[in-house]
Amino acid sequence: MNAPFREATIELDAIADNVRHFRRLTGVEVIAVVKANAYGHGAAAAAVAALSAGATRLGVAEIAEALELRRQGVHAPIMAWLHAPGERFEHAAAQGVEVGISSFDQLEAAAAVASVDSPVGVHLKFETGLSRNGVAPADWGRVLAEAARLERVGRLRIVGLFSHLSNTSAEDDRAALAKFDEGVAAAASFGIRPEIRHIAATAAAIDLPETRLDAVRIGVGLFGLSPFDDRSSAELGLRPAMTLRGAIAAVRRVPAGTGVSYGYAHRTDRDTTLVLVPLGYADGVPRNASGRLPVSIAGRRFVNVGRIAMDQFVVDVGDTPVSVGDEVVLFGDPTLGVPSAADWADAAETINYEIVTRIGPRVPRRSA
């Protein structure tokens, strides 16, 4: 039976197992981060799998992502924290989506769409050194005073206080945590008592127990990928959830000196067999990994040759017997003997987060 032309298989049991692992490891609530279509894995299915394993909340970047989850029938608490300038929050409020607040203007916008009998749930974000969004320390007093007032009059419900870490070093992250603690103390001075405090994502949740607080936000670890360069998924007790597959679309026996793909960046050095794999940079295969991209065919590892094109790339399989329709595993769980997303990241000089997230919509996702 021929393999699928192109397909990403998503092991939902792996996502559930990874949630259970983080619950055991941290002993606190797990917020499952399913932004960017769950890092390319399919947001709704990943969210359901995570919630079934004990995740208590979901995290996304944009409100539109949260609303799509609502349309897909996901009713758990969802937090969205990245907003366009001047964004209004009426749709979020109507669907019970909690919003991250990084400025006084956003605080006012959230309160503007609330009613006394239906306060908007918010998470106040402190800027603690990452230099991205979050309320700057100079503005904490003003924002916290107004947030406390709005909560007293029933227009807001302050669900959480949060920030984000740089993962630069343990010392840098501990300094950010200390700054965050200052923000929490400042909030308490205004009578703000949030349900949860959260600052740790996957890396800190694993390596810095003091950052776990009331909840951890698990993104890349949810999908079984390591956030570290020096430790694999297996060493962390995680199972990669995505396997990217294709099928051999053509087989060609060629003599030595045959040029391969655009620009003949590669010419064969012997008589050999070339196979065509029908995925390219339109599907998220990184073009800058040309000539270095590992794949598995017939249980053996090969590296692509020539330039990766928009829709396809070529692999030199030597004298290995292959046929049109044979399966090609591009990446998956390395404990099964196939290349990993980390291997691809090394080939493309990037990170495994980007590899899985960039897999495009032309690649069907199949839950397994």
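The values are calculated or read from the model by the stated rules, or taken from the named source; none is laboratory data. Model, not experiment: these values are computed from the prediction. Note that we place each Cβ from the backbone using ideal geometry, even for glycine, and neighbour counts take in every protein chain shown. Areas reflect the complete protein model, heavy atoms only, side chains present, ligands, DNA and RNA absent. Shrake-Rupley method; radii C 1.70, N 1.55, O 1.52, S 1.80 Å.
Summed over all non-identical Cα pairs, the Kirkwood treatment of segment 118-263 gives a radius of 18.4 Å.
Along its first, second and third principal axes, ordered by size, segment 15-113 spans 40, 27, 20 Å in Cα coordinates. Between 133, 37, 288, where does the largest GNM mean-square fluctuation fall for the chain, given springs only between Cα atoms within less than 10 Å? Result for the chain, Cα springs under 10 Å: 288 fluctuates most. Near the amide H of residue 284, within less than 5 Å, lie the amide hydrogens of 360, all on another chain or at least 5 residues away, with H placed in the peptide plane.
Only Cα sites of segment 173-326 enter the Debye sum here, all with the same form factor; the resulting log10 I(q)/I(0) across q = 0.16, 0.19 1/Å is -0.90, -1.10, listed in q order. Comparing 358, 20, 270 in a Gaussian network model of the chain where C-alpha atoms under 10 Å apart are linked, the largest mean-square fluctuation is found at 270. Extending 7 Å from the Cα toward the beta-carbon at both residue 108 and residue 362 defines two label points whose distance is 4.7 nm.
Taking other residues whose beta carbon is less than 9 angstrom from the beta carbon of residue 240, and scoring Lys, Arg as +1 and Asp, Glu as -1, yields -1. For segment 272-337, the solvent-accessible area of protein heavy atoms averages 38 Å² per residue (probe radius 1.4 Å; ligands and nucleic acids excluded).
Annotation: extensible slack from residue 52 through residue 139 equals 27.4 nm (criterion: 0.36 nm per residue apart, minus Cα-Cα distance).
Under a Gaussian network description of the chain, with springs only between Cα atoms under 10 Å, the residue in 107, 150, 336 that fluctuates furthest is 336.
Accessible surface of the chain, 1.4 Å probe: 50 percent of it comes from carbon and sulfur atoms. When the alpha-carbon atoms of the chain are used, the pair Rg, Dmax equals 23.5, 80 angstrom.
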